[in-house]
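Q: This is the structure I want to talk about, given as C-alpha cells.
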Amino acid sequence: MAGRGAAPGERRGGRVKGTPNKVTLEIRDLARAYGPTAIAELARLAGLTKDAGSDNESTRVMAIKELIDRGYGKSTQPISGDDTKPPIQVEHSLAGQRVKSLLDQITSK
C-alpha cells in the first residue's frame, strides 16, 4: 500500500498547532473560579487568618508551602551528585572527531 501515511514533516488531522484543547480550557476555567476561595482556605489552614488554623502541623506547613509556591513560583531543584566525587563531565568526542573528519574531507577537495 504505497502512498499512504504522512510525508516527513507533514501534519495530518488533529488541532492546529497552538490551538488549546477545549476540554482543558473548560476545566481550567472551572478550577480558576474556585481559586480565591481555595487560597483563602489555604491561608486559614496555615493559621494566617483570624479563624483557627489546622491543629495538624504538617497540614499548616503544606498550606504555607502551597501559598508560597502559588505566589512566588516553585523553587528550583538543584542537581547534585556525590560530595566525594568530582562533577560528571560529558564530552562529545566521537561527534567532534566525525565533524573534524568531514571538515578535513571537504577542505582537501
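Q: Name the single residue, out of those in the range 80-105 being part of a loop (DSSP other than H, G, I, E, B) and either among the acidic types (Asp, Glu) or surrounded by 10 or more Cβ atoms within 10 Å (Cβ to Cβ) (or both), that is modelled with the lowest pLDDT.
A: Among those residues, the one meeting the criterion is Glu91.
Q: Show the residue pairs that are 6+ apart or on different chains and have beta-carbon atoms under 6 Å apart, the first residue being within the range 17-42 and under 22 Å from Leu67 (Cβ atoms), the second being modelled with pLDDT of 85 or more.
A: Filtered contacts from the range 17-42: Leu42/Ala63; Leu42/Glu66; Leu42/Leu67.
The values are calculated or read from the model by the stated rules, or taken from the named source; none is laboratory data. As the structure is a computational prediction, the values presented were derived from the model and not from experiment. Methodologically, a virtual Cβ is constructed for each residue, glycine included, from the backbone with ideal geometry; neighbour enumeration extends over all protein chains shown.
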